[in-house]
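Only one structure is covered here, and it is reproduced in the block below.
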Amino acid sequence: MKKFLLPFLSVFVLGFAASCSNDDDPTPTPPTEPGEEIVKSGILTENETWTADNIYILDGRVVVNEGVTLTIEPGTIIKAEGEQGANASALIVDRGGRLLAEGTTENPIIFTSVDDGIGVGEKESTLPVESAGLWGGVILLGNAPISVANAEGVAYIEGIPAGLSYGEYGGTNAADDSGVLRYVSIRYSGVALENDSEIQGLTLGGVGSGTTIENIEIFSNNDDGIEWFGGTVNVTNVLVYGQQDDGLDIDQAYSGTINNAYVLMTQNSGSGLEIDGPEGNPTGLFTMRNVTIDMGNFESKLIADFRSRAMGHLENIFVTNINATGSTVNINDAETAANLNADQLTFSNWVLNAPEGVTIAGLFTSAENAAADASKFTNNAAVGTEGGADLSVFGWTYTSSLGVGAL
């Protein structure tokens, strides 16, 4: 019996060893464990896809390089480390790079802090709205026109030191395409990369009209909710809650359309809207329509502050929970007043749920030297209790799950 088995076993073992040594056989790759934390840092130089079965950790500035596409699957959670100053974590899409972040109502893409206990497959965070400023934010940079002082029409986005291989924005391609952001929630952001240069929840620098941005939530940011630095991109269905500066901020002759936005103020917020004009010769007129601003009945917070040659069109704006002390639509300087008087800054169908005893005229202010024609506002505004945004589209947001405001 032994004489029979040993040769058989020898042949079997030798055959198995020969099979294993075949160079054509692939080496097995260990499977990725669901919920694995994958750390990302530096410049992405090849196309990547981030998947919903993992959590991605931004460690410092993560840059989507020119010519590179980052795809983020629906339901993916991206967390950011909490370093301060120049080491703050942020996702930056450089000029010529593309971000394809296409979430859904059931599976939004969530950017948050490593301090947030949210896990794979979850949508609700574990931090309060007061926890702003735990990481940087999301920055998109494009080749669309901006209005700045230099003749080249190019600038470095605030907070990123000049001279790096990334960070420039602006150009001549109004139809530039930086990708798609759809059903994206950005939470607890706003660290300053340098003094007085906090990052917005979403920063759009020279982003072109070929880019799709719709259904965006900014929840708890240490600076503005969203800021447009020039560009032509159209943005639809935006909710901003818990920002500690302005809800929506426009600069450098942004000339796209913002349609359907809801700004919810808190005690720490600045203005509902802050609108600045061009900084150089090129000019552009934005359109903002179908907006609801909930002022939260907080004192001395401007509904909207128009400054530095502000120009554009604001249509169907509803403002509620206005405090009688210091909450106004304000014209900040003489150049902005001149644009108002010349119909380069226009108001249409504003409805304000004014406090008792406060008139529409009482909700409009201007600087002493501005010489603003108040009738340009008062003739196009009325006291009322409804108007503005379609709030039903925000049911997917974390803010909605908390039952904040009229949601």
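Brief remarks follow.
- The condition of being under 17 Å from Ser185 (Cβ atoms), in contact with a Gly (Cβ under 8 Å, 6 or more places away or on another chain) and either of a type in the set (Val, Ile, Thr) or outside any loop (DSSP other than H, G, I, E, B) (or both) does not hold for Ala132.
- Criterion: farther than 15 Å from Val184 by Cα and touching a helix residue (DSSP H, G or I) at 6+ places or on another chain (Cβ under 7 Å) - qualifying residue of Gly60, Gly35: Gly60
- Against the numbered list (1) buried (at least 22 other Cβ atoms within 10 Å of the Cβ); (2) assigned to a loop (DSSP other than H, G, I, E, B), Asn237 comes up short only at (2).
- Single match in Ile92, Ile55 (criterion: buried (at least 17 other Cβ atoms within 10 Å of the Cβ) and either closer than 17 Å to Phe219 by Cβ or out of contact with any Asp or Glu (no Cβ under 8 Å at 6 or more places or on another chain) (or both)): Ile92
- Residues in region 177-222 that are farther than 24 Å from Phe286 by Cα, in contact with a Phe, Trp or Tyr (Cβ under 9 Å, 6 or more places away or on another chain) and assigned to a loop (DSSP other than H, G, I, E, B): Gly190, Val191, Asn222.
- Of everything in region 187-219 that is aliphatic (A, V, I, L, M) and in contact with a Leu (Cβ under 6 Å, 6 or more places away or on another chain), the residue that is surrounded by the fewest Cβ atoms within 10 Å (Cβ to Cβ) is Ile213.
- Qualifying residue in region 110-121 (condition: in a loop (DSSP other than H, G, I, E, B), of a type in the set (S, T, N, Q), crowded, with 16+ Cβ neighbours inside 10 Å and at pLDDT 95 or above): no
- Failed item, numbered, when Ala310 is tested on (1) in a strand (DSSP E or B); (2) of a type outside the set (Phe, Trp, Tyr); (3) within 25 Å of Ala361 (Cβ to Cβ): (1)
- Qualifying residue in region 282-296 (condition: within 19 Å of Gly225 (Cβ to Cβ), outside any loop (DSSP other than H, G, I, E, B) and among the aromatic types (Phe, Trp, Tyr)): yes
- Selection within region 24-82 - among the β-branched types (Val, Ile, Thr), at pLDDT 95 or above and assigned to a loop (DSSP other than H, G, I, E, B): Thr45, Thr51, Val68, Thr76
- Pairs with Cβ under 8 Å, 6+ apart, first in region 147-172 and under 23 Å from Ser255 (Cβ atoms), second assigned to a strand (DSSP E or B) and among the small types (Gly, Ala, Ser): Val148/Ala155; Ala155/Gly205; Ile157/Gly205; Glu168/Ala155; Tyr169/Ala155; Tyr169/Gly205; Gly170/Ala155; Gly170/Gly205
The values are calculated or read from the model by the stated rules, or taken from the named source; none is laboratory data. Since this is a predicted model, take the numbers as computed values, not measurements. When we count neighbours, we look across all protein chains shown, and the Cβ atoms used for this are built from the backbone with ideal geometry, even at glycine.
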